[in-house]
Amino acid sequence: MSHSYPRTIDNGHGEQLTFVRLVRGDSGDRLEVEGRAQSGVGPPMHVHFLQEEAITVVAGRMGYQLEGDEPREAGPGDTVLLPRGIAHRWWNAGPTELRSTGWIAPANNAEFYLASLFESMERSGSGRPGLFDSAFLMTRYRSEFDMIELPALVRKVGFPVLMTLGRIIGKYRRFAGAPAPIVA
């Protein structure tokens, strides 16, 4: 699944990402991004098992937290490295728009996963992805990503059951051609 760059996605609830370019490398591709988030907006606590992420604040204030640590803030010119396998979250901690640049490496399925989540959030109108979409993405790409703020029983039992039901009733046609999950 190849896209031209730049490519902008919007979740309809105050967060926008632009995939600027995919940089090929010997140790995997690096997806370079630019982000915008309105005050208070940011993803819940999540983890990338296979990808490292870096965010550089261009304008505004970014709050961030690694699991088990106290929240911190970063301002213009600061870069925050979010290591693979460490749960984290970030948010716009200021009153003005947060603008940032960054990268995810190796890219693996990050672009597909994020674009699918944002599309589902925008479609649902609730600020959260739809239940069947969540079940598909969280089950299929569980080797790469996890939303740890969701109860473990939902993630490990509920979503796989819901994904099976979704397949039976034809909820996943839009995911035809979805990339295969990366298994480490």
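Laboratory data are not the source of any read-out in this text; all were calculated from the coordinates shown. This one's a predicted model, so the numbers in the text were calculated from it and none came from an experiment. When we count neighbours, we look across all protein chains shown, and the Cβ atoms used for this are built from the backbone with ideal geometry, even at glycine.
Laid out as a table, the results:
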quantity: Cleavage-rule hits, GluC sites (Glu not before Pro), segment 67-141, DSSP coil, Cβ neighbours within 10 Å at most 16; calculated: Glu67, Glu97
quantity: Mean shadow area of segment 7-105 over all directions, Cα convex hull, nm²; calculated: 6.1
quantity: Once the Cα gyration tensor of the chain is diagonalised, semi-axes √(5λ) in Å; calculated: 26, 19, 17
quantity: Equivalent ellipsoid semi-axes, segment 87-155, via Cα gyration tensor eigenvalues times 5, rooted, Å; calculated: 21, 17, 14
quantity: Long-range amide H partners of Gln51 with built H, under 5 Å; calculated: Gly85
quantity: Furthest towards positive pole of dipole, Gly68, Ala152, Val33, structure part the chain, Cβ charges; calculated: Ala152
quantity: Which of Trp103, Trp90 has the fewest Cβ neighbours within 10 Å, and the rest in rising order; calculated: Trp103, Trp90
quantity: Residue order, fewest to most beta carbons within 10 Å, for Met121, Met62; calculated: Met121, Met62
